[in-house]
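Visitor: Here's a structure for you.
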Amino acid sequence: MKSEVLSVKEKIGYGMGDAASHIIFDNVMLYMMFFYTDIFGIPAGFVGTMFLVARALDAISDPCMGLLADRTRSRWGKFRPWVLFGALPFGIVCVLAYSTPDLSMNGKMIYAAITYTLLTLLYTVVNIPYCALGGVITNDPTQRISLQSWRFVLATAGGMLSTVLMMPLVNLIGGDNKPLGFQGGIAVLSVVAFMMLAFCFFTTKERVEAPPTTTSMREDLRDIWQNDQWRIVGLLTIFNILAVCVRGGAMMYYVTWILGTPEVFVAFLTTYCVGNLIGSALAKPLTDWKCKVTIFWWTNALLAVISLAMFFVPMQASITMFVFIFVIGVLHQLVTPIQWVMMSDTVDYGEWVQW
């Protein structure tokens with residue numbers, strides 16, 4: 001395939017897809033645990049177990065969704081249809097997950113387990129094909145880096161929009177009625193996410209055409225596992241996402257119960273998100289300057305050192321704490337676009353080895 005320079009419109013369109021995902025994902029990561037325990041009244045132990053089971057289910061559903069999407073044949077391509085047609089049920093289930101029906105404690109736990117599991121499955125239905133879409137929009141490494149940089153700048157903006165506006169929306173819609181506020185707030189954000197996913201569908205194009213799949217799913221899984229570069233990058237991705245989820249899930253509790261200053265939560269979150277925006281913007285120029293693997297390695301090493309150093313910072317909402325949060329935000333989002341480009345590269349590597 002002859003490489004072509006992607007338009008800014010298409011890069012923005014592709015980035016809007018991840019902005020939509022982060023509107024939901026970041027909101028769930030930061031608020032859902034708090035919502036379940038402090039608003040819906042479910043025991044924290046059950047919520048933690050439910051989250052763990054959902055992550056285990058992801059380990060099965062994610063590769064299965066990838067294999068299913070790879071076998072999709074339509075006039076819109078392999079991956080774009082999933083982004084569009086999964087968007088509406090994804091938004092609806094998100095609102096249901098943030099709803100608080102009047103049930104017994106057992107009923108609440110069953111309701112939460114069903115809606116949260118459906119939410120994670122529908123996130124997989126939309127997000128796995130979306131991530132794969134970046135690899136078939138272009139096969140040019142430079143364009144891929146640019147595309148992923150746009151993606152994560154907009155993803156960060158989407159996550160920032162969602163998480164910073166959530167509590168004002170809760171207070172505006174619900175007032176003292178927090179359950180209504182959370183449901184209404186996520187409903188507004190879900191509509192925005194749906195519109196962004198639709199925009200992504202209509203502004204992107206799948207250009208890289210792979211040969212028809214003739215192997216079985218079992219053979220595909222075997223080929224994936226035999227790709228040593230995929231195993232390495234996949235493991236790094238798991239650690240990266242785990243760090244983000246743990247940090248994000250603990251942030252509201254940390255600010256509310258440890259620091260005792262819930263009023264600074266939005267300021268903490270905004271500081272982190274601004275760092276994310278800067279990190280995403282730095283990915284392209286830095287990888288133009290140095291090998292992306294080198295940038296990835298050193299940035300992760302620095303991120304680990306700074307994260308460890310936070311343990312020695314006094315537990316108070318001081319300027320020092322805000323500086324740490326900002327720098328971690330920059331470094332984390334600097335490596336994320338590179339990580340996803342490397343994942344696309346492992347697919348090319350696997351095809352080259354098999355050839």
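The values are calculated or read from the model by the stated rules, or taken from the named source; none is laboratory data. On a predicted model such as this, the values are computed, not experimentally measured, just so you know. Note that we place each Cβ from the backbone using ideal geometry, even for glycine, and neighbour counts take in every protein chain shown.
Visitor: Please give the number of the condition Ile145 fails out of (1) in contact with a Phe, Trp or Tyr (Cβ under 7 Å, 6 or more places away or on another chain); (2) under 30 Å from Arg207 (Cβ atoms).
Guide: (1)
Visitor: Could you list, in sequence order, the residues of the stretch 62-94 that are within 22 Å of Met33 (Cβ to Cβ) and either surrounded by 19 or more Cβ atoms within 10 Å (Cβ to Cβ) or touching a Pro at 6+ places or on another chain (Cβ under 8 Å) (or both)?
Guide: Phe90, Gly91, Val93, Cys94
Visitor: Another question, then. Among (1) buried (at least 21 other Cβ atoms within 10 Å of the Cβ); (2) modelled with pLDDT under 95; (3) within 16 Å of the chain's Cα centre (by Cα), where does Thr138 come up short?
Guide: It fails just one condition, (3).
Visitor: Same structure again: Can you name the residue in the stretch 157-173 that is over 17 Å from Phe268 (Cβ atoms) and among the hydrophobic types (A, V, I, L, M, F, W, C) and is also modelled with the lowest pLDDT among such residues?
Guide: Ranking the candidates gives Ala157 first.
Visitor: Could you list all residues from the stretch 233-255 that are of a type in the set (Ser, Thr, Tyr) and without any contact (Cβ under 8 Å) to a residue 60 or more places away in the chain?
Guide: Matches in the stretch 233-255: Tyr254 only.
Visitor: A follow-up question, please. Keeping to the stretch 287-323, report how many residues are surrounded by 18 or more Cβ atoms within 10 Å (Cβ to Cβ) and of a type in the set (A, V, I, L, M, F, W, C).
Guide: Within the stretch 287-323, residues that are surrounded by 18 or more Cβ atoms within 10 Å (Cβ to Cβ) and of a type in the set (A, V, I, L, M, F, W, C) number 4.
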